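Just below is one structure, and these are the notes that go with it.
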Amino acid sequence: MKRSTSALIHDIRNPLNTISINAELGKLTLLKNGDITKAIQIFETILAECQLCSKRITELKDSLQDDESAENILKEDRG
C-alpha cells in the first residue's frame, strides 16, 4: 500500500529540521571553538539528511504519479 502524501510530507520535514539544527550547531561549533573534527561530523549528518530528503521527495513524486495514473485509468473506464 502506498504511503499517504501527508505522511511523506511529514517525513520530509523531519530531516529538514535536523539539517537546520545541525547547520546552526556546525556554525556555532566553528565560531566558538573551531573544532573542525566536530564540524565535519555535523556536516556529515547534514549530508545524510539531505540524501534522506531526496529519497522522500522521490517517493512523493512516485506516489503522485501513481495517483495520477490511477485517476487516468478511472477516467478511461468511465469513458
Checklist entry - Residues of segment 20-79 being at pLDDT below 85 and aliphatic (A, V, I, L, M), which ones? => result 60, 64, 70, 73, 74
Checklist entry - How do the pairs read when you match residues in segment 14-41 that are among the hydrophobic types (A, V, I, L, M, F, W, C) with residues anywhere that are loosely packed, with under 12 Cβ neighbours inside 10 Å and in a helix (DSSP H, G or I), using Cβ under 8 Å and keeping only pairs 6 or more apart or on different chains? => result 30/36
Checklist entry - Restricting attention to segment 13-43, which residues are within 21 Å of the chain's Cα centre (by Cα) and either among the aromatic types (Phe, Trp, Tyr) or not in a helix (DSSP H, G or I) (or both)? => result 43
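The values are calculated or read from the model by the stated rules, or taken from the named source; none is laboratory data. This one's a predicted model, so the numbers in the text were calculated from it and none came from an experiment. Using ideal geometry, Cβ is built from the backbone for each residue, glycine included, and neighbour counts are taken over all protein chains shown.
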